[in-house]
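One structure is given below, encoded as structure tokens.
The values are calculated or read from the model by the stated rules, or taken from the named source; none is laboratory data. As the structure is a computational prediction, the values presented were derived from the model and not from experiment. Here the Cβ positions follow ideal geometry from the backbone for every residue, glycine too, while neighbour counts run over all protein chains shown. Keep in mind that these areas ignore ligands, DNA and RNA; they rest on the heavy atoms of the full protein, side chains included. Shrake-Rupley method; radii C 1.70, N 1.55, O 1.52, S 1.80 Å.
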Amino acid sequence: MTAAFDPATCLARIRSGDEAEARRFVEATAPLVAKIVRAYVPKHLDRAACEQETYLRAFARCDQYRSEAPLEHWLSRIAVRVCLDELRRRRRRPELRRSDLDDHEQVALDAAARDDSRSTPAATAARELVEKLLTSLDPEDALIVRMLDMEERSTKEIAGLLGRTRTAVKVRAFRARRRLRAALDRLSSDRPLK
């Protein structure tokens, strides 16, 4: 964000209907919102719609912004909520079998089952497999696992973004990891994911 950008003043002008200020707000914060949406919404879903929804919610709630906290925290929380809502809305639990995986994903699955990271053929195949396994989880649980294990965020930060307690985040992460292990075991034995 530019040095001349004052979030509190900008949001006050937006509340009064200043469209030019709304455009300026979007331009200043677009990289942050796009980064969050790309991180949590899979490619096959409409990421642009999630970005737009983030701004619609931010503009509708601009009176809730408190200038004591950084704008990035307030807007990040809104963006994470939008992503989570979209994942819940589109939630589906596809049946996934070993035969649905391509050769690289099957090798990655076998390596993961053996816990032998040296034989993983390609990081992209492993990541795609993880993404497929994450679809078997509740969207919020999948988001917590991504933030905690893939992005290495703290439980305190995740709790703040999701509006949960640290204990709730830890419990959900523990249970989600257990379900992921069970899904991996089912997939290894070619039983469908549920």
inquiry  = Just to verify a result, which residue in region 30-57, among those that are basic (K, R) and under 16 Å from W74 (Cβ atoms), is least open to solvent (accessible area, probe 1.4 Å)?
reply    = R57
inquiry  = Considering only residues that are in contact with a helix residue (DSSP H, G or I) (Cβ under 6 Å, 6 or more places away or on another chain) and acidic (D, E), which ones fall in region 1-49?
reply    = E21
task = Could you look through region 160-175, keep only residues that are of a type in the set (A, V, I, L, M) and at pLDDT 90 or above, and pick out the one that is surrounded by the fewest Cβ atoms within 10 Å (Cβ to Cβ)?
result = V171
query = Does any residue of region 67-75 turn out to be open to solvent by 50 Å² or more (accessible area, probe 1.4 Å) and of a type in the set (S, T, Y)?
reply = yes
ask   = Which ones in region 137-194 are within 14 Å of V80 (Cβ to Cβ) and touching a residue at least 60 places away in the same chain (Cβ under 8 Å)?
value = L143, R146, E151, G160, L161, L162, G163
